[in-house]
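Asks: Sharing a structure below in structure tokens format, with a few things to ask.
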Number of protein chains: 2
Amino acid sequence: MNEEKILELIQEKKYKELKKILSEMNEVDIAEILEDEALDLGTLLLIFRMLPKDLAVEVFAYFSKEKQRGIISSLTDSEVKHIVDELFFDDMIDMLEEMPANIVKKILLNSSVEERKLINQFLNYPEDSAGSIMTIEYVEFKRSMTVKEALDRIRAIGLTKETIYTCYVTDRNRKLEGIVSLRTLVSSPDNSIIADLMDEDTIYAHTHDDQELVAEMFMKYDFIALPVVDMENRLTGIITVDDIMDVMEREDTEDFQIMAAMSPSEDAYLDTKVLRLARQRIVWLLILMISATVSGAIISSFDDLLSAVVILTSFIPMLMDTGGNSGSQSSTLIIRGLATGEIELKDAPKILWKEFRIALMVGFSLAFINLLRLIILERIDFGISLLVSVTLILTVIFAKVIGGILPIAAKKVKLDPALMAGPLITTIADALSLIVYFSIASWMFRI
Amino acid sequence: MNEEKILELIQEKKYKELKKILSEMNEVDIAEILEDEALDLGTLLLIFRMLPKDLAVEVFAYFSKEKQRGIISSLTDSEVKHIVDELFFDDMIDMLEEMPANIVKKILLNSSVEERKLINQFLNYPEDSAGSIMTIEYVEFKRSMTVKEALDRIRAIGLTKETIYTCYVTDRNRKLEGIVSLRTLVSSPDNSIIADLMDEDTIYAHTHDDQELVAEMFMKYDFIALPVVDMENRLTGIITVDDIMDVMEREDTEDFQIMAAMSPSEDAYLDTKVLRLARQRIVWLLILMISATVSGAIISSFDDLLSAVVILTSFIPMLMDTGGNSGSQSSTLIIRGLATGEIELKDAPKILWKEFRIALMVGFSLAFINLLRLIILERIDFGISLLVSVTLILTVIFAKVIGGILPIAAKKVKLDPALMAGPLITTIADALSLIVYFSIASWMFRI
């Protein structure tokens, strides 16, 4: 069923047919269609109320924060209560974090005392921690239960989605004792005991672990869900793989932004105001602009040389760009390796040695091609051609070694390695290449 | 159980204790420990053969290609046959793609005719297609089956891992008719008919779809598995979420590499030879180095101006760097937006207008701060300070507009948008900023 057809039915007010079609559709697709800009809030609410109740809640979870806000403030208290009761807990927390105070109040008024306590606890987990992305919908067994009792329990709780495929075994203090998969349950005899089936080599996260660490665990072990425990090893929630995929995408986007000298932001580009985007970019541009004046000062200090040998100036862009690009290549690989866990702090000496050898190969190749080009094609004086080529080699070596080691150094002092990316390395490589270039030139021309 | 303990047991040859401990461990952890460099192939094989057979196959799937190669060539035919029989099909295909011919032959000799045909079919799917990452381990029902029959079938097939949580309903020609989750099965009465329980609004991929598209579908619908059909809509395999997470990580790594002007590579940095790393970097450095000579030529053509007003040279690094950084910011955001599907081709006019306004704000702010700095701190002549500041504004505008639009233009002509990242934008922005700078200066000083 395609989007135009649905929008047409809405416009023609063929609600009976619409209701039938929607009830058979995927919740994500419905949310996407109802997000259409052409739809006013009145019509949206009309259609939203037309959905079977459970489907409505699932669709609601996939709406943008803005649409959720509009809908919540227009619904009656009993409708809000239904949503609050049925929404997955992590989706509700995500929503609450973005809502204005009056809507948060409306939601809290429609939840039980117990639930309100939990909501407050969850809202207090640090941003980007395992606690902030976990949910409380999971199935808990005791080790003495039989498979039949366990399956009955799953049916009784009646959870939707994938949160039932891994179940958790806890003791009377809710300490995590093991896990058992639904796969194991359905392929075991009804009277088997959970304690005999469960896997005790349980891998779990702590509520305060960073979400990046959790994502790495998912990548490593191919989980679809991971239990989260508190300081006393009590089970407090689970994290599901769909939320981890969002984390991975967000973290990578953040790295891309930081590496291009921007303050990171989770806002969608097209929905963000121009002023806000400008602010995210200006700080780093300013810092880098001021830093670049160092290179300017180096040039100024050699102005006698430059007035005497004007042609030297024309090689500055090529030297600066090649230095910057060489350094960016190295720093990008190392930053990415650190992010995926492939590279660790202890690899620093190996990286240094590797980058040095790569730089030698790359530097000499570039310098050789450059030397030929200058002498044969541009007919530049041999002395100057050699000066430029030697500077090129040294620049590539400096840039690659610095680009390779700075991200590791940043990690060592608990800074984000992504800060040590292209823009910063370029600024450093610029200054170094100019110093090398002019020092050799001064010596050559004795100025 | 920690790594040192295990390695200690190996060294002390306490194999009985070791065997017991290993049999209770997670397969990923075992593979990680056995990958230790200190372990020779003989000891590795000894321990590998000590593992319960099914666990051994799971551990094998997590070994690096190099270790897999070593093990396969040392095993007996019957051992190889067991691995071939029990390995997940997608893991086997991954392995075969990386093995030398003699090992591929050894494996094919130990597989059935039917299996060999399938292997050849799978090896022929284009790289990075849905077909190349799917597996054939899934459960298939007919619509007339009851829940009891379906559950019995799951038990009979006895698949491991998450591939049983979504099951597929096909007709007699193997055309996909619907899906039904294990959750639905266990919460429905034994005598319900599959046809009444299955979801017919099935979302699926085609064997030739790009894996990035598949990853987007997983992100959008929060699936844990997705069916893959051929041209005639016949079910040919499924893709599971753990493989999609790997795809996401690889695709992002590739983007990082291309954006830093490198040929993309899936090899791990620390395991790749220096010569190979150098080759991946040199092509783009060379192209960009040659392109940067355009900027050099621009400078040369204004050498009368530069000899007369030597101070102009000292602002070149700041102008070039700020232009490059401004352009990188814009292109990075757009490239990432295109990769996550947030930005589409049709958004081009919106982006152009947005980047233009951002550039005005950023350009004027930077220029104003720069003007104050030059006049007050550096005591530069007002005319030159103004010249530099005006150039700065125009440079930022050019860089941001070009940086915003080139990735979209690349996508339009089916090039990888990631190519239009920092390094290329920097080279273009350099040339433009120098032209603006010298043109205004020539007019000012009438040279």
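Asks: Once all Cα-Cα distances of chain B are split into 20 Å bins that start at 0, what whole-number percent is in each one?
Replies: Pair shares across the bins are 19, 38, 27, 14, 1.
Asks: Hey, can you rank B:23-31, B:117-125 by average C-beta count inside 10 Å, highest first?
Replies: In decreasing order of mean packing, B:23-31, B:117-125 become B:23-31, B:117-125.
Asks: Once you list every other residue whose beta carbon is under 12 Å from the beta carbon of B:Gly296, what net charge do they have if Lys and Arg are +1 and Asp and Glu are -1?
Replies: Its environment carries a net charge of -3.
Asks: Right, something else. Calculate, for A:Lys346 and B:Ile369, the FRET efficiency according to 1/(1 + (r/R0)^6) with r their C-beta to C-beta distance and R0 41 Å; round to the nearest 0.05.
Replies: Details: r = 42 Å, r/R0 = 1.03.
So the FRET efficiency works out to roughly 0.45.
Asks: What does the C-alpha gyration tensor say about the overall shape of region A:140-240? Classify as rounded when a/c is under 1.5, otherwise prolate if a/b is larger than b/c, or oblate.
Replies: Since a/c reaches 1.5 and a/b is larger than b/c, the shape of region A:140-240 is classed as prolate.
Asks: Taking the Cβ of B:Lys53 as the centre, find all other residues whose Cβ is under 14 Å away and add up their charges (Lys, Arg: +1; Asp, Glu: -1).
Replies: -3
Asks: Relative to the present Cα-Cα distance, how much length would full extension add between A:Ile290 and A:Thr76 at 0.36 nm per residue of separation?
Replies: 71.4 nm
Asks: List every residue whose amide H lies under 5 Å from the amide H of A:Val229, counting only residues 5 or more places away in sequence or on a different chain, with H placed 1.01 Å from N in the peptide plane.
Replies: Under 5 Å from the amide H of A:Val229: A:Ala205, A:His206, A:Thr207, A:Thr236.
Asks: Taking the label point as lying 7 angstrom from Cα along the Cα-to-Cβ axis, what are the distances from A:Ala101 to the corresponding position in the remaining copies, in ascending order and in nanometres?
Replies: A:Ala101 label point versus its equivalents elsewhere: 7.6 nm.
Asks: Still on this structure, I have one more. Within 10 Å of each Cβ of A:237-248, how many other protein chain Cβ atoms are there on average?
Replies: Taking the mean over all residues of the peptide, I get 3.
Asks: Using a simple spin-label model with points 7 Å from Cα along the Cα→Cβ vector, what separation in nm is obtained for B:Glu12 and A:Gln11?
Replies: 7.9
Asks: Between helix B:89-98 and chain B, what is the angle of the helix's C-alpha long axis to the longest principal axis, kept within 0 to 90° and rounded to the nearest 10?
Replies: Helix B:89-98 and the main axis of chain B meet at about 60 degrees.
Asks: Identify the residues of region A:234-265 with backbone N under 19 Å of a label point that sits 7 angstrom from the Cα of B:Asp210 along the Cα-to-Cβ direction, or state none.
Replies: Those under the cut-off are A:249, A:253.
Asks: Note the full-extension length gain between A:Asp190 and A:Ala409 as 0.36 nm times their separation in residues minus their Cα-Cα distance, in nm to one decimal. Write out the running numbers ahead of the final one.
Replies: Working: separation 219, 0.36 × 219 = 78.84 nm, distance 5.67 nm.
Contour length minus the Cα-Cα distance gives 73.2 nm.
Asks: Same structure again: Could you tell me the relative contact order of chain A? Use alpha-carbon pairs under 8 Å, at least six residues apart, and round to a whole percent.
Replies: Averaging sequence separation for qualifying contacts and normalising by length gives 11 percent for chain A.
Asks: Can you give the average number of partner chain beta-carbon atoms within 10 Å of each beta-carbon in peptide B:257-264, as a whole number?
Replies: Details: counts 4, 1, 6, 14, 7, 6, 0, 0.
Mean shielding count: 5.
Asks: Along Cα-to-Cβ, 7 Å out, sits the label point; list in nm, shortest first, how far the one on A:Glu140 is from those in the other copies.
Replies: Taking the point 7 Å beyond Cα along Cα→Cβ, the inter-copy spacings are 4.3 nm.
Asks: I've got another one for you. Take the alpha carbon gyration tensor of region B:269-445, find the square roots of its eigenvalues, order them as a ≥ b ≥ c, and report rounded if a/c is under 1.5; if not, report prolate when a/b exceeds b/c, else oblate. Display every interim value, and only then the final one.
Replies: Details: a/c = 2.24, a/b = 1.43, b/c = 1.56.
Since a/c reaches 1.5 but b/c is at least a/b, the shape of region B:269-445 is classed as oblate.
Asks: Note the direction-averaged projected area, equal to a quarter of the hull surface, for the Cα convex hull of the protein assembly as shown, in nm².
Replies: About 42.2 nm², averaged over all directions.
Asks: Additional query: On average, how many beta carbons from a partner chain sit within 10 Å of the beta carbon of a residue in B:353-366?
Replies: Mean inter-chain Cβ contacts per residue within 10 Å come to 4.
Asks: Ok, one more. Which value, in debye to the nearest 20, gives the size of the charge dipole of region A:140-240 about its Cα centre, when Lys and Arg are +1 and Asp and Glu are -1 at the Cβ?
Replies: 480
Asks: Which of the lysines could a cross-linker bridge to B:Lys20, judged by Cα under 16 Å and excluding same-chain residues fewer than eight apart?
Replies: B:Lys5, B:Lys53
Asks: Within region B:28-83, which GluC sites (Glu not before Pro) sit in a loop by DSSP and count at most 16 neighbouring Cβ atoms inside 10 Å?
Replies: B:Glu35, B:Glu37
Asks: Based only on the alpha carbon positions, what is the Kirkwood hydrodynamic radius of region A:346-444, in angstrom?
Replies: One decimal place: 14.7 Å for the Kirkwood radius.
Asks: Another question, if that's okay. Tell me the distances, shortest first, between A:Lys53 and the same position across the other copies, using label points 7 Å along Cα→Cβ, in nm to one decimal.
Replies: Its label point is 5.3 nm from the equivalent points in the other copies.
Asks: Test of the criteria: in region A:202-288, which trypsin sites (Lys or Arg not before Pro) are in a DSSP loop and have at most 12 other Cβ atoms within 10 angstrom of their Cβ?
Replies: Those that pass, being in a loop and sparsely packed, are A:Lys273.
Asks: Taking K and R as +1 and D and E as -1, what net charge do the other residues with C-beta under 13 Å from the C-beta of A:Leu286 add up to?
Replies: On the way: positive: A:Arg279, A:Arg281, B:Arg373; negative: B:Asp321.
Here the charged neighbours net out to +2.
Asks: Which of rounded, prolate or oblate describes region A:105-157 when judged by the alpha-carbon gyration tensor and an a/c cut-off of 1.5?
Replies: Oblate shape, in that a/c is at least 1.5 and b/c is the bigger or equal ratio.
Asks: So, R0 is 41 Å and r is the distance between the beta-carbons of B:Arg357 and A:Trp443; what FRET efficiency does that work out to, to 0.05?
Replies: 0.25
Asks: Right, something else. If region B:219-365 were replaced by its equivalent ellipsoid, with semi-axes equal to the square roots of 5 times the Cα gyration tensor eigenvalues, what would those be, largest first, whole Å?
Replies: Semi-axis lengths for region B:219-365 are 43, 24, 13 Å.
Asks: Follow-up. To the nearest 500 deg cm²/dmol, what mean residue ellipticity at 222 nm is calculated for chain A from DSSP H runs of n ≥ 4 alone, each contributing -39,500 (n - 2.57), summed and divided by the residues? All intermediate terms of the calculation are to be shown ahead of the outcome.
Replies: Numbers: 22 runs with 289 residues, N = 447.
Value at 222 nm, helices only: -20500 deg cm²/dmol.
We did not get these values from a lab; they are worked out from the coordinates using the rules stated. What you see is a predicted model, and the numbers here were worked out from it, not measured in a lab. Note: ideal-geometry Cβ built from the backbone for every residue, glycine included; neighbour counts use all protein chains shown.
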